[in-house]
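Taken together, the values in this text are just the output of simple stated rules run on the coordinates, not laboratory data. Quick caveat: nothing in here was measured; it's all calculated off a predicted structure. Virtual Cβ from ideal backbone geometry, glycine too; neighbours counted across all protein chains shown.
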């Protein structure tokens, strides 16, 4: 199964949460008790997103924190127009994790091919990602500090 092409949607009538598992870096931000919304996001259950677990505002706030962009949402009355985060550019170093860049950016690879990213982009800092320059969560398995 090719995870890069899978998209799953969870609808509560007001909003639809979109999950792209191929983009997920398993940061745990969405489901950990200290940072997440475990009543909605629970990776040990199937389906792992229980959209009825919280109101739309709380879900949208949590989805906006997704460092990889694997989670997004749109209002159902504006189908297929995912909400954009309008924020000044911001860079954050996650302890023992990726470099997060918030905002709309354009990345140009070594061949000159450009890729536009919105919201939050997670860049590899450990050098071991199989999806460079993006973080794929490999640092979790290797316990690289930085």
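With neighbours defined as other Cβ atoms within 10 Å of a residue's Cβ, the residues 58, 125 order from fewest to most as 58, 125. Neighbour counting of Cβ atoms within 10 Å sorts the residues 26, 139, fewest neighbours leading, into 26, 139.
Over the C-alpha trace of the range 90-142, radius of gyration and Dmax come out as 11.3, 31 angstrom.
Here the spin labels are modelled as points 7 Å beyond Cα on the Cα-Cβ line, and at residue 33 and residue 5 they lie 4.1 nm apart. When its C-alpha radius of gyration is set against 2.2 N^0.38 Å (N residues), the range 3-78 gives a value of 0.99.
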